[in-house]
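Beneath this line is the structure, given in structure tokens, with notes to follow.
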Amino acid sequence: MLQALLYRTGKARPLFYRVEISRNLFEEASVTREWGAVGGTPRTITSCHTDLRAASQVADTYRQRALQRGYIRDTAPLHLAK
């Protein structure tokens, strides 16, 4: 399982965006995206791909888009790290 966790602050509530690559029961590679407000109910979308390379390319595209929208990598905002 590979995962990227991104955060975005500056709004009324901090936001998160998570992209994960994992294997499913059919030996396909799944890309799961989850996003929403920290502490709220997240939205989730999962897509299946025939191989890990295709899933990795799709996941990287989503991660890059989130970074372009102002999310930051791997570090929780200071007020959340308690």
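The values are calculated or read from the model by the stated rules, or taken from the named source; none is laboratory data. Because the structure is a prediction, the values reported are computed rather than measured. Cβ placement follows ideal geometry from the backbone for every residue including glycine, while neighbour counts extend to all protein chains displayed. Side chains are part of the model used for accessible areas, which takes the heavy atoms of the whole protein and leaves out ligands, DNA and RNA. Shrake-Rupley method; radii C 1.70, N 1.55, O 1.52, S 1.80 Å.
The residue pairs whose first member lies in the range 61-72 and is more than 13 Å from ARG18 (Cβ to Cβ) and in contact (Cβ under 8 Å) with a residue 40 or more places away in the chain, whose second member is surrounded by fewer than 15 Cβ atoms within 10 Å (Cβ to Cβ) and of a type outside the set (A, V, I, L, M), and whose beta carbons are closer than 8 Å, counting only pairs six or more residues apart or on different chains, are LEU67/ARG73; GLY70/GLY10.
Return the residue satisfying two criteria in turn: it lies in the range 23-41 and is closer than 16 Å to GLN3 by Cα and surrounded by fewer than 15 Cβ atoms within 10 Å (Cβ to Cβ), and of such residues it is modelled with the highest pLDDT. Per the criteria, the residue is ARG23. Restricting attention to the range 11-22, which residues are open to solvent by 60 Å² or more (accessible area, probe 1.4 Å) and more than 19 Å from ARG65 (Cβ to Cβ)? ALA12, ARG13, listed by residue number. Residue count for the range 3-25 under the criterion of being free of Cβ contacts under 8 Å to residues at least 40 places away in the same chain, of a type in the set (Gly, Ala, Ser) and farther than 16 Å from THR46 by Cα: the result is 1.
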